[in-house]
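What follows is calculated from the coordinates using simple rules that are stated; it is not laboratory data. All values derive from a computational prediction rather than experimental measurement. Neighbour counts run over all protein chains shown; Cβ positions are idealised from the backbone, glycine included.
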Amino acid sequence: MAVECESAQIVRRLLEAGEASCDGPNGQTALHSAVLSSNDITKILLEERPKLMEKTDTNGSTPLHFAASTSDIEMVKLLLEKDASIARLQDSDGASAIHVSASFGHVTTIEHLDKVCPDCVELMDTEGRSFLHVAIEKESEMVIRHVLPITASH
């Protein structure tokens, strides 16, 4: 609730208490919520509770999946700076952050994911689709035009 109110001060105080739960509805954590609303609170949570990056909601989505669904490249960078290996985490449908980015047409995020975790472009979802397959299905011309050279270089 403190994250949803965007109160960094309350988040800090709760974390200082030590016993504060970061769990929320549907398996989401405070970090899932923070990546959608506040860089400052995200930084606090990454510092105090870095393991939250690996926590999944009931759909298997991590906070990086949430961030990849937005056009906030700075948030994606913030998470990946802490641990680039989270780019390989897949949800219950096998989608990784690069699949999510492709489905929303976020070229800059795809390029950054490729830069910090080059092998994530090889990940396949449970239906055997790469991120490029997803972009084609979503008819994301922008992704196809800008990202096709990435796949050709791998």
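Each of MET53, MET124 has some number of other Cβ atoms within 10 Å of its Cβ, and from fewest to most they run MET124, MET53. Excluding same-chain neighbours fewer than eight residues apart, the lysines reachable from LYS82 by a Cα-Cα span under 22 Å are LYS43, LYS51, LYS55, LYS115. Using a cutoff of 8 angstrom between alpha carbon atoms and counting only pairs six or more residues apart, the relative contact order for region 8-152 works out to 17 percent.
The calculated FRET efficiency for the pair THR108 and ARG13, based on their C-beta separation and a Förster distance of 30 Å, comes to about 0.30. Peptide packing: for 95-102, 113-120, 81-88, the average count of neighbouring Cβ atoms within 10 Å per residue gives the ranking 95-102, 113-120, 81-88, highest mean first. Based on the Kirkwood approach, the hydrodynamic radius assigned to the chain is 15.7 Å, with every pair of different Cα atoms included.
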